[in-house]
Each structure stands twice: as C-alpha cells, then as structure tokens.
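Report on one structure; see the data block that follows.
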Amino acid sequence: MENGLEIARAAAEAAARQSYGKLVAWLAARTRDVAGAEDALADAFAAALERWPQTGVPEKPEAWLLAVARRRRVDAVRRRLTGEASRDHLRLIAEEMEARMTDDDLPDERLRLMFACAHPAIEASVRAPLILQTILGFDAATIASAFLVSPATMGQRLVRAKARIRDTGIPFRVPERTELGERLDAVLEAIYATFAEGWSDPAGTETRRRNLATEGIWLGRLMASLMPHEPEALGLLALMLFAEARRAARRSAEGDFVPLKEQDCRLWDRALIDEAEALLSCAATKAVIGRYQLEAAVQSAHAARRLTGRTDWPAIRELYDALLSIAGSPVVAINRAVAIAEADGAAAGLAALYVLGDDKRLDNYQPYWAARAGLLARLGTTTQAAEAYDRAIGLERDPAVRRFLQGKRKDLDES
C-alpha cells in the first residue's frame, strides 16, 4: 500500500507539473471562472490521491483528472442554480461531459488563458502572479513571498483579478494581429518578470525566489512552442537562456559577486547559449525586430567573448542605440551609457549618464548610482564617486553585490 501511495503521489505530481495549466485553461475557457476551475481541479487531484493507490494510476491521468474536475464543476453549478434556466444549463454541461475525452482530444488553451491574465483590464502588477498561479499552480503564499507582498494582500489581489475576468467577460482568446502588440507585450512582460525575480537570486538559495527563474524559462518555452512564428516570443526565450547560461559564473567559490566582464566564460553553459543563438537566428528571419530580440542580441554579443576573447563594445553600443529608440527606458539608457564608456571612454559614458539626471525614477535605482560611481572613479573624481557608491550601497539588497560595492568604495579611500 505504501508503494502504491508513493506511485500515485509521483503520478499526481507529474500530472500537475505537465498538465495543471492545461486543465485549468480548458475548464476556465468555457466559463471564464478561473477560481471555479482551480477549485474543481484541486478536488480532482485530491480524489486522485485517494483513489489511485487503490485502483492504480489510470492510463491517461490527464483525462481522468479532467473528467473528475468536470463533474465537480457540474455539481457546483447544480448547487448554485435553480429553475428552468439552470436545468437547461446543466443538461448542456451533462451532454458535453458524456463526450469521450482523451489526452489527444484536449485542446491546449494555455495561451488563451495567459492572454486573459495579461489583459489590459488586469492590474499590471498582478499579471505575472496570476499567470504563475493559473498556469503553474503556485499558491498565493509562495507567490507573495517571491514578490515581497504579504500573503493576505497577494491573495486578495489574485481573487480580485479572477473576479474581474469572470465579471467583465474578459475573453479567452489570442488577439487578432492588429491588436496583438500591446497584449503580447503584457504576456511577455509577465513571463520576464517571473524570470527576473528568480534571476535576482543567482545561487537559487532563497526560498521565496527558488525555481522562479526556471519557471520563467518554462513559461517562455511554452510561449515559443505555442507561437513559434512570433519573433518576440523567440527573442524573450533567447534572452532568458543567455542569462541563465551565466548563472554558475555570477558568484565566486566564496560567494562573491563577479561582474559580467570579469566572469570566467568557461563556466558558462554552452548548450543554453547554443540554444539561445538558434532561437535568435530564427527570430531574425521574421519581419519584426523588437525589444526582446535586441536585448537578446546584446547578450549574444557578450557571449561571443567565449569565442573571441574580447567584447565588441561598439556593436553593443549600437544595439543599445536601437533598443533605446523603441524602448525609451532609463534602464536601457544606463546600460547604453556603460557601453559608451567601454567603447569611447569614461567621460563619454558619464555624459550619456548625466542626461538622465532629472529622471526621478533613478533616485532609488541602484544600478544608476553604481554605474555613476564607477565612471566617476575612472575619471579620478573621488569625492563624487564615493558619494555615489554610498548611495548604491544603501540601495542594494543582495549581500554579495553590496560587498562588491563596498570593496570598490574602499579602493577609493586607499587610492
């Protein structure tokens, strides 16, 4: 019995990993009731853990779970509705339930669910958490911990978002090409936000962020597989793979931060880089060049150092020029200034950085102050560099990066 329980639990976990989002999406697409679909599927998994140890794991676990979840949804409707209209509704649902459903018959609605979760009517800050919960099955407490929000607050936000999908009739559909731009950007931004939360924990040791980078890449792969002809979906996946390939080189054996230009490229994951290069090449054959393709191209230029032994900073500067023209973000502008400094000297880089000085969004943005400090130090402006380093150190949350900045600050005092 114990062995049967272990087998059943392993099968249920595998089904959840591979099919949770697919099943939720299929159930929710018919009612727009995401919360109801999640509840029904949770009941189905509970039933599986109760039944499968006794009866054995079914040949098609996904179809079994779907059948049970659909029955739970019918029961929920039956309890909620009365009268002639409800009987007609129940009859239609019952007829649908009688249709034979196999794994091969189940359409993949996850892309439509992601577009619903990233709809402009949904608050931007909750889109990534909502996708994490509906597609990957993350609980609210885990998501709240990852995004530095209290579990109660995150739970309320997710509940409100799902109610908005249901009550306002947000459609479960892939937008037409003419309206795809903004909606696709929202989905890709949500996936990238998921990856970025995990990327900020390079060793994968923080419980609140553990696996988020992996899950972001998983979502990116899903998008690329569902939209193989969309260049920005390919570009985003390439960008994340380039970054993930450097994970082992981002910290020394002692746990110290290692900046990109000082990393040992022999520690980079060649297989991930090769996959990213192939994706970027495929995206380049399309007619559209967007933000994620350009950002991935920057990372490709950095990755080329493993082959050439040098970084082509003029090429990177040109890529940032193009990126700034389509995504006028201060973050891009800071990276462009750093590239200018590497290509044309610290004075030119600092001039590009000073153009951003009036942007209030940079007051509490650590990379701006760190970049400013580094360029001032290279120019010998010690006092101003020290002030900028102090500001950057105070804003940095990562202990390893903070130690790195403190070391640079100490070097100023000793020079």
Would you mind computing Rg(Cα) / (2.2 N^0.38 Å) for segment 325-415, counting N as its residues? 1.04
Accessible area per residue in Å² at 1.4 Å probe, computed on segment 325-415: 52
Per the helix-only calculation at 222 nm, which mean residue ellipticity applies to the chain, given -39500 (n - 2.57) for every DSSP H run of n ≥ 4 and division by its residues, nearest 500 deg cm²/dmol? -23000 deg cm²/dmol
Under 19 Å from residue 408, Cα to Cα: lysines that are on another chain or at least 8 residues apart: 261
Relative contact order for segment 325-415: what percent, with Cα pairs under 8 Å and sequence separation of 6 or more? 21
For the chain, what's the relative contact order in percent, using C-alpha pairs closer than 8 Å and at least 6 residues apart? 10
How big is the charge dipole of segment 324-384 about its Cα centre, in debye rounded to the nearest 20, if each Lys and Arg gets +1 on its Cβ and each Asp and Glu gets -1 on its Cβ? 80
Give me the Kirkwood hydrodynamic radius of segment 208-287 in Å, from all C-alpha pairs, to one decimal place? 13.6
Based on the mean of other Cβ atoms within 10 Å per residue, sort peptides 357-363, 129-135, 331-337 so the most packed one is first. 129-135, 331-337, 357-363
Could you give the size of the charge dipole of the chain about its Cα centre, using +1 on the Cβ of each K and R and -1 on the Cβ of each D and E, expressed in debye and rounded to the nearest 20? 520
For 282, 265, the accessible-area ranking with a 1.4 Å probe, largest leading, is 282, 265
Determine the relative contact order of segment 180-333: mean sequence separation of Cα pairs under 8 Å and six or more apart, normalised by residue count, in whole percent. 20
Provide the packing ranking of 139-145, 239-245, 394-400, i.e. peptides ordered by the mean count of other C-beta atoms within 10 Å per residue, highest first. 239-245, 139-145, 394-400
Just for the Cα atoms in the chain, what are the lengths along the principal axes, largest first, rounded to whole Å? 82, 52, 41
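The values are calculated or read from the model by the stated rules, or taken from the named source; none is laboratory data. Just so it is clear, the structure is predicted and the values come from calculations on it, not from any experiment. Cβ atoms come from the backbone with ideal geometry, glycine included; neighbour counts cover every protein chain shown. The area values use the complete protein model at the heavy-atom level, side chains included, leaving out ligands, DNA and RNA. Shrake-Rupley method; radii C 1.70, N 1.55, O 1.52, S 1.80 Å.
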